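A quick write-up on the structure given underneath.
The values are calculated or read from the model by the stated rules, or taken from the named source; none is laboratory data. Every value quoted in this text rests on a predicted model; they were computed, and no experiment measured them. Cβ coordinates were reconstructed from backbone atoms using ideal geometry, including for glycine residues, and neighbour counts include every protein chain displayed.
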């Protein structure tokens, strides 16, 4: 086998598409097919099952994928050490939920833009479920999300820390003046729905339903976090959002934090496909994002 064949096999194996692999590698599809066939001949095994309209890895292909990743990673490492080039570079595609994209990522992106100008960071919005599936398929390098769970099929996650959730209302809202707000109190007003597809939305719905013995609780749909904040500030109801997402509005006095403690906890996490070698670029992103999160927590606590 040679490195070109191994690189081509790896892209086809992660994307499960000869067409998409050819597009990413800038090869003709016939060249991709020929390289994979040559690799199969040299190894004496079939690496893909050709099904009607799709492909999937054979058991031999599944076993080869992690070795291909390790070999290609070692080649990159050897090249860097030989040439003396150790700065993170190249593309790094990261999926993230809206609250993290809008309120966690800007300072991280600014840092990487100035510190590592050769690293091409690209953000792809999506829910946790969408991000996990994209990681498993190999269309994302990393995922950045908030979830109550920390174990995901086919994905390895590193917890960066708990993400504090707060209930907020307009400063003049009747619940803002209570010394203690209960879940039953929340059910007496409109609750604006948090971002679709996030785990804390499902947890909040279950908590509100459980408090009244109901099977479902209607939430006012507002789409984005910014629209929820505007709706809450206008007195339309209460919102439950990450503290970092409402810190500016609370400091400006347009929103007030209610004295309500959510009975569940979610964690900000960075994830990648299980079995994939963590590259220098991925490690830099993990370490710097963790550092910025630590600074955010100190700022919010102060």
Cβ-Cβ below 8 Å, separation at least six or inter-chain, first residue in region 99-118 and touching a residue at least 60 places away in the same chain (Cβ under 8 Å), second assigned to a loop (DSSP other than H, G, I, E, B) and surrounded by fewer than 18 Cβ atoms within 10 Å (Cβ to Cβ): which pairs? 116/87; 116/89
For the list (1) surrounded by fewer than 17 Cβ atoms within 10 Å (Cβ to Cβ); (2) under 20 Å from residue 152 (Cβ atoms); (3) in contact (Cβ under 8 Å) with a residue 12 or more places away in the chain, I need the number of the one condition that residue 234 fails. (2)
Filter region 30-54 down to the residues that are assigned to a helix (DSSP H, G or I) and either modelled with pLDDT under 90 or in contact with a strand residue (DSSP E or B) (Cβ under 9 Å, 6 or more places away or on another chain) (or both), then identify the one that is nearest to residue 135 (Cα to Cα). 36
Out of the residues in region 250-259 that are surrounded by fewer than 21 Cβ atoms within 10 Å (Cβ to Cβ) and not in a strand (DSSP E or B), state the one that is nearest to the chain's Cα centre (by Cα). 250
Being surrounded by fewer than 15 Cβ atoms within 10 Å (Cβ to Cβ), under 32 Å from the mean Cα position of the chain (by Cα) and within 22 Å of residue 279 (Cα to Cα) is true for just one of 50, 54, 63. Which residue is that? 63
If we ask which residues in region 266-287 are in a helix (DSSP H, G or I) and touching a helix residue (DSSP H, G or I) at 6+ places or on another chain (Cβ under 9 Å), their number turns out to be 3
Of all residues in region 87-136 being outside any helix (DSSP H, G or I) and more than 18 Å from the chain's Cα centre (by Cα), which is surrounded by the most Cβ atoms within 10 Å (Cβ to Cβ)? 88
Condition first: closer than 27 Å to residue 101 by Cα, modelled with pLDDT of 85 or more and either in the same structural domain as residue 275 (by TED's automatic domain parsing) or not in a loop (DSSP other than H, G, I, E, B) (or both). Can you find one or more residues in region 172-189 that meet it? no
For residue 208, indicate whether it is farther than 21 Å from residue 98 by Cα and crowded, with 20+ Cβ neighbours inside 10 Å. yes
When region 10-20 is examined, which residues are found to be assigned to a helix (DSSP H, G or I) and either closer than 18 Å to residue 66 by Cβ or not assigned by TED's automatic domain parsing to the domain that holds residue 67 (or both)? 10, 11, 12, 13, 14, 15
Selection from region 153-170 of residues surrounded by 14 or more Cβ atoms within 10 Å (Cβ to Cβ) and over 20 Å from residue 279 (Cβ atoms) yields 163, 164, 165, 166, 167, 168, 169, 170
